[in-house]
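Coordinate-derived values only; no laboratory data. Since we're looking at a predicted model, the values are computed, not measured. Heads up, the Cβs are rebuilt from the backbone with ideal geometry, glycines too, and the neighbour counts pull from every protein chain shown.
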Amino acid sequence: MDLTLLTIDAARSAVQERKTTALALTEAHYVRIKQEDGQIGAFLTLSKERALEQADRIDRMAAEGKTLPPLGGVPVGIKDVMSTRGLRTTAGSKILEKYIPPYDCTAVARMEAAGAVVLGKMNCDEFAMGSSNENSAYQPVRNPRDLSRVPGGSSGGSAAAVAADMAVVTLGSDTGGSIRQPASFCGVVGLMPTYGRVSRYGLIAFASSLDHIGPLAKTVKDAAIVLRTIAGRDPMDSTSADVPVPDYVAELGKPVRGMKLGVAKEYFGEGLDDEVRQAVEAAIDKFKSLGCEIVPVSLPHTPYAIPTYYLIATAEASSNLARYDGVRYSHRARGVKTPSEMYRRSRDEGFGAEVKRRIMLGTYALSAGYYDAYYLKAQKVRTLLTRDFDEAFRKVDAIVTPTSPTAAFRLGEKSNDPLSMYLADIYTVTADLAGIPGISVPCGETKEKLPIGLQILGKHFDEATILRVAHHYEHSFR
Ligand code: GLN
């Protein structure tokens, strides 16, 4: 049995039934990391001590014949924007190079309480700003399927680690597509839950009204298991919703026959690569053969999504990132003479180019005289985009689209052209703006053997439906 190829249930049962140990599983993943990660660059920090302690705790439970929790002994990775107590958390930024949080992010705490073994922290774009992982202040991540290509971003390390069998599952964050787009580029499953479904407590804020935590996994079922673990009200995050969490795993098997799936022409326009289009159209045909009804829907405000997102996300980022001033826990410049020089130099030395660009854009959009024209206007368009979805979901149960207009691009291909990089999010930002859930599942590959992702969007708090649709699609090939 290759211990790095197991799904969550297979890994947990193997430990439960004493066919292997959590320790052996953990070690096998560290061996794999040692072999592979030199060229991929998915991990920023390893937490071997913490992992071995947790694995040992699980092994003792198994030895005593106790029933293991749902993630008992399962090796996982955590995107480095989630705080981990006593374990360095950089957000991919030099400004937090030495930051050791005094507390755990709720999602991480819930994973560990469910038995997960945290292998380490995953590389990402700085403060989760980017679509290629090239904005990490440490190293770019390379796509395990083709090392000359990007893994997507900003959760590029989280996606690459799962694709290269260096972790069974990982947590990522999605503000404009950062779970789904890298999942699609690396050929894994990525789920963004409804806004408020998963607590953001301990997530380093990028754009608070858009930030979501969710899993990247090898199978839809694994994503369902992780969501069940991390979802639910948390008193530490006032925006986390008090909505019952269904048993996502039990719902996977329900039939999809008769379900109505929407297809919006706005997601098949200019800029969509031909091979991606063909793969998604083939997936739509597959759904027909599974007995789903395909219904045309219209999402007319979609063309405004990218500008709306880049106004709101940068405005919120400029405010959230004001706290990194060198006074408390971030990098502090040396040899400064006045407080204002300290703020300026600390921020100048600590932040990378993309983060600075966003802070400037966001500050501009929020400034007196421009607020109404930019920020307020963007908020109004956000409402229109949300209404588009409300309207569409009156007619359909879920909407299928491509996840990204292209497969993985080459390192360096877009890094000098922020606008073309921003367009990589064209099909994903809408769900973040509307607060609805979305999942990306692999749906074939290009001639060059690069993975293609299919996106399934759902109604607020209806992750169960999109997981079910994705699961049936995934299984239609077996
Ligand atoms: N690529 C988008 C951005 O750069 C989305 C990032 C994200 O979802 N965190 O803002």
Exercise for the section: Report, as a whole number in µm² per second, the diffusion coefficient that Stokes-Einstein gives for segment 348-478 at 4 °C and 1.567 mPa s using the Kirkwood radius over alpha carbon pairs. Expected result: 74
Practice task
May I ask you to sort 321, 272 by Cβ crowding, counting other Cβ atoms within 10 Å and putting the fewest first?
Solution key: 272, 321
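Report Rg(Cα)/(2.2 N^0.38 Å) for segment 183-229, keeping two decimals. Provide the component values of the computation, followed by the final result.
Values: Rg = 11.4 Å, N = 47, 2.2 N^0.38 = 9.5 Å.
In units of the globular-protein estimate, segment 183-229 measures up at 1.20.
Provide Rg over Rh for segment 220-348; use the alpha carbon set for both Rg and the Kirkwood Rh (inverse mean inverse pair distance).
1.16
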Handout entry: Karplus-derived 3J(HN,Hα), 6.51/-1.76/1.60, for each residue of segment 36-46, Hz, glycine and proline x
Key = 9, 6, x, 8, 8, x, 7, 9, 9, 9, 9
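What does the extension gain come out to for residue 371 and residue 337, with contour length at 0.36 nm per residue minus their alpha carbon separation?
Working: separation 34, 0.36 × 34 = 12.24 nm, distance 3.42 nm.
Full extension of this stretch gives 8.8 nm more.
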Problem - Pairs from 34/356; 254/459; 121/447; 414/459; 94/337 whose Cα-Cα separation, in the structure shown, is over 28 Å - result: 34/356; 121/447; 414/459
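Could you rank the peptides 51-58, 154-161, 138-145 by their average count of other C-beta atoms within 10 Å per residue, with the highest value first? Present the calculation step by step, with values, prior to reporting the outcome.
Values: 51-58: 19.4, 154-161: 36.8, 138-145: 22.9.
Put in order of decreasing packing, that is 154-161, 138-145, 51-58.
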Practice task
Collect residues whose amide H, placed 1.01 Å from N in the peptide plane, falls under 5 Å from the amide H of residue 120; neighbours closer than 5 in sequence don't count.
Solution key: 47, 78
Problem - R0 of 22 Å, Cβ-Cβ distance residue 243-residue 394: FRET efficiency to nearest 0.05 - result: 0.60
Practice task
Would you please give the residues with an amide H less than 5 Å from that of residue 201, counting only those at least 5 places away or on a separate chain, with H modeled from the backbone geometry?
Solution key: 106
Practice task
Sticking to Cα atoms, compute the Rg of segment 79-202 to one decimal and its Dmax as the biggest Cα-Cα distance, whole number, in Å.
Solution key: 13.4, 38
Problem - Candidate aspartates and glutamates for bridging to residue 377, where Cα separation is under 18 Å - those fewer than 8 sequence places away on the same chain excluded - result: 316, 388, 432
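Can you tell me the order of 384-390, 461-467, 97-103 when each peptide is scored by its average per-residue count of other Cβ atoms within 10 angstrom, highest first? Please list the in-between numbers first.
Details: 384-390: 17.7, 461-467: 22.9, 97-103: 13.6.
Ranking the peptides 384-390, 461-467, 97-103 by packing returns 461-467, 384-390, 97-103.
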Fill in the blank from the handout: Karplus-derived 3J(HN,Hα) from phi for segment 49-58 (6.51 cos²θ - 1.76 cosθ + 1.60, θ = phi - 60°), whole Hz, x at Gly and Pro, runs 5, 4, 5, 5, 4, 5, 4, 5, 4, 5
Practice task
In whole Å, largest first, what are the principal axis extents of the Cα atoms in the chain?
Solution key: 63, 53, 45
Practice task
Measure out, as a whole number of angstrom, how far apart the alpha-carbon centroids of segment 26-98 and segment 100-135 sit.
Solution key: 10
Exercise for the section: Could you go through segment 139-149 in sequence order and give the Karplus-derived ³J(HN,Hα) for each residue, using 6.51 cos²θ - 1.76 cosθ + 1.60 with θ = phi - 60°, rounded to whole Hz, and x for Gly and Pro? Expected result: 7, x, 9, 9, 6, x, 7, 6, 5, 8, 10
Fill in the blank from the handout: Which residues qualify? For residue 409, with a placed amide H closer than 5 Å and at least 5 residues away or on another chain, they are 150
